[in-house]
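S.K.: There's a structure below that I have some questions on.
Just so you know, all these numbers are worked out from the coordinates, no wet-lab data involved. Owing to the predicted nature of the structure, the values given are computational and were not obtained by experimental measurement. Backbone-built Cβ (ideal geometry, glycine too); neighbour counts: all protein chains shown.
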Amino acid sequence: MTPIRHNQSDGDAVLDAVRDCVLAIGVRRTTLTDVARRAGVSRMTLYRRWPDVRSLVGDLMTREWVGVATGAMPERRAGTDARTLLVDGLVAGVAAFRDHPLFRKIVDVDPELLLPYVLDRRGASQEALLKLLADGLREGHADGSVRPGHPERQARSLLLVVQSFTLSLRTMTEEDEPDLDSAAFLGELRTLLERTLTP
């Protein structure tokens, strides 16, 4: 999967540089000096906006994760209800996250970076995803394709489900067994989401 390229403002050039460093050597071995050199900026330029590598990586994850999630949402087609769009987008999003090179690198090399967002607090990317989900749920309430409910609570519940599939799926799969491979479990996720959201 090709990394997402944005217009090259200074901030984007820095985030692209930290992404390249993390993909090459992981978060723990990346320094602000490495990032500044790759981005072609001074360390002082970095320090003015990011006090350390973790804050830089936090902004990078927000950019990349929101890009993955929004990119996974299908285009609205005539006659397609909001529930179908949500379910298709969530299942595609889980697959896209699991294939994303930055996500895979962090899970494999620096998984502790993700723990605060699983155990202690919501991050900026989670807040953005919750808004996206709540908006889609409201559309589903309006067109009758999603069961009535509190949209923010429903959005948080959906995010809990898809986060667990994204982060833990490989602990449950047997890729050499078609009935227990990733595709089979994504089918189960689709069933869970459909049954959860159908009125």
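S.K.: Just one of the numbered conditions (1) closer than 19 Å to A24 by Cα; (2) free of Cβ contacts under 8 Å to residues at least 24 places away in the same chain; (3) surrounded by 14 or more Cβ atoms within 10 Å (Cβ to Cβ); (4) of a type outside the set (G, A, S) is not true of E112; which one?
M.R.: Only one criterion in (1) closer than 19 Å to A24 by Cα; (2) free of Cβ contacts under 8 Å to residues at least 24 places away in the same chain; (3) surrounded by 14 or more Cβ atoms within 10 Å (Cβ to Cβ); (4) of a type outside the set (G, A, S) is unmet by E112, namely (3).
S.K.: Looking only at residues in region 146-199 that are of a type in the set (A, V, I, L, M) and in a loop (DSSP other than H, G, I, E, B), which one is nearest to V118 (Cα to Cα)?
M.R.: M172
S.K.: A further question follows. Somewhere in region 80-95, is a residue more than 19 Å from K131 (Cα to Cα), in contact (Cβ under 8 Å) with a residue 24 or more places away in the chain and under 12 Å from the mean Cα position of the chain (by Cα)?
M.R.: Within region 80-95 (the criterion being more than 19 Å from K131 (Cα to Cα), in contact (Cβ under 8 Å) with a residue 24 or more places away in the chain and under 12 Å from the mean Cα position of the chain (by Cα)), the answer is yes, since at least one residue qualifies.
S.K.: Please state which one of A142, A184 is farther than 30 Å from D108 by Cα, in contact with a helix residue (DSSP H, G or I) (Cβ under 9 Å, 6 or more places away or on another chain) and surrounded by fewer than 17 Cβ atoms within 10 Å (Cβ to Cβ).
M.R.: From the options A142, A184, the qualifying one is A142.
S.K.: Please indicate, with yes or no, whether at least one residue in region 84-100 is in contact with a Phe, Trp or Tyr (Cβ under 7 Å, 6 or more places away or on another chain), closer than 30 Å to T198 by Cα and β-branched (V, I, T).
M.R.: Yes - at least one qualifying residue is present in region 84-100.
S.K.: Checking R29 against (1) free of Cβ contacts under 8 Å to residues at least 40 places away in the same chain; (2) within 22 Å of the chain's Cα centre (by Cα), which single condition isn't satisfied?
M.R.: (2)
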